Amino acid sequence: MISRYAAFTDTPSGGNPAGVVLDASALTDARMLEIAAELGYSETAFVTERDGDRLRVRYFSPLTEIPFCGHATVATAVALGPGDHLFVTNAGEVPVTVDTQGVATLTSVPPAVSALPEAELGALLGALRWDSGDLDPALAPRVAYAGAYHPILAVTSRKRLADLDYDVPALKSLMTEHGWTTVQLVFRDSADTFDVRDPFPIGGVYEDPATGAAAAALGGYLRELGLVAGDATLHLRQGDDLGRPSRITVRLVAGEPGVRVSGTAVPIS
């Protein structure tokens with residue numbers, strides 16, 4: 001059975017829609033990709049094996065398999081119900097807890113942050129139709145990983161973020177070449193609040209309305225660059241420019257290598 005959830009929202013008209021298949025043990029890779037394409041959501045999660053609270057989970061976009069997806073993880077965990085779950089993903093093991101209020105919290109695999117070479121940055125800016133003057137010098141361009149790879153670019157104004165109009169073929173080609181899942185575009189509104197957008201052309205959609213994997217990567221990036229305290233709670237606003245408001249909470253805990261990402265999910269009728 002295929003279920004449909006909106007993640008990182010408390011209303012079906014908000015957040016990022018995800019497909020959830022809680023028993024995909026009999027499905028082939030080709031059939032899972034076909035189902036994801038038929039749904040047309042940025043990702044669909046498939047539980048292919050289950051041993052108690054330990055679940056093998058795979059994620060498919062309409063065009064390809066993705067190693068890890070945060071919003072579909074939240075949706076799947078809420079569909080499973082309150083308690084502790086361990087998702088075994090292509091990126092590694094991801095613990096997920098759902099409380100009695102329906103809030104799911106995943107803990108990412110340990111993040112990593114690397115340089116974004118000048119040539120790649122130039123190509124990325126060209127595909128976005130941006131220039132270096134659009135970038136916030138306080139948040140240096142990097143590539144961050146927390147289950148999937150995301151270049152992170154921070155801009156100086158909310159308007160620059162709102163006016164996103166990228167070259168789809170050019171960005172898709174660049175992301176495919178470098179193994180990037182989405183591009184995390186960021187405006188820092190305050191010390192702990194960010195507006196974000198995530199183009200996702202390699203998945204067959206223009207943009208993600210909510211991206212939990214990129215949120216975890218952003219948390220790792222901010223910690224690595226010393227831009228937040230060792231213990232920090234961050235608030236991400238996403239999807240507003242698409243008419244699907246999403247709210248993501250990122251928690252960094254001193255001494256804990258993974259990044260916690262929390263949100264709610266509701267069924268789509």
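A few comments on the model shown:
- The chain: angle of helix 118-128 to the longest principal axis, Cα-based, in degrees nearest 10: 70
- Additional length obtainable on full extension of the chain from residue 93 to residue 63, 0.36 nm per residue less Cα span: 8.4 nm
- Around the Cα centre of the stretch 137-209, unit charges on the Cβ atoms of Lys, Arg, Asp and Glu (plus for the first two, minus for the last two) sum to a dipole of about 180 debye.
- Backbone HN-Hα couplings from phi across the stretch 6-15 [Karplus 6.51/-1.76/1.60, Hz, Gly and Pro as x]: 9, 9, 6, 7, 10, 9, x, 8, x, x
- Size of charge dipole - the chain - debye, nearest 20, with Cβ of Lys, Arg +1 and Asp, Glu -1, no other charges: 240
- Inverse mean reciprocal Cα-Cα distance (Kirkwood Rh) of the stretch 1-132, Å: 15.9
- The stretch 151-244 - percent of accessible surface contributed by carbon and sulfur, probe 1.4 Å: 48
- Protein heavy-atom accessible surface, 1.4 Å probe, per residue over the chain: 39 Å².
- Taking the inverse of the mean 1/r over every pair of distinct Cα atoms in the stretch 148-190 gives a Kirkwood hydrodynamic radius of 11.4 Å.
- For the pair residue 119 and residue 235, label points projected 7 Å from Cα toward Cβ lie 4.3 nm apart.
- Each of 52, 67, 257 was scored by the projection of its Cα onto the charge dipole of the chain, and the greatest displacement toward the positive side belongs to 52; charges sit on the C-beta of Lys, Arg, Asp and Glu.
- Cα-derived Rg over Rh, computed across the stretch 39-108 with Rh taken as Kirkwood radius: 0.95
- Nearest 10 degrees, 0 to 90: helix 212-224 Cα axis against the chain principal axis: 50
- Positive-end residue, the chain charge dipole about Cα centroid, Cβ charges, pick of 181, 267, 220: 267
- Between helix 29-39 and the chain: long-axis angle, C-alpha atoms, 0 to 90°, nearest 10: 70
- Answer label for P(r) over Cα pairs in 10 Å bins from 0, in percent (calculated), chosen among [x] 7, 28, 35, 24, 7, 0; [y] 7, 30, 37, 20, 5, 1; [z] 7, 33, 38, 18, 3, 0: [z]
- About its Cα centre, the stretch 165-269 has a charge dipole of approximately 280 debye under the convention of +1 per Lys or Arg Cβ and -1 per Asp or Glu Cβ, with nothing else charged.
The values are calculated or read from the model by the stated rules, or taken from the named source; none is laboratory data. Quick caveat: nothing in here was measured; it's all calculated off a predicted structure. Note: ideal-geometry Cβ built from the backbone for every residue, glycine included; neighbour counts use all protein chains shown. To get the accessible areas, we keep the full protein, side chains included, count just its heavy atoms, and leave off ligands, DNA and RNA. Shrake-Rupley method; radii C 1.70, N 1.55, O 1.52, S 1.80 Å.
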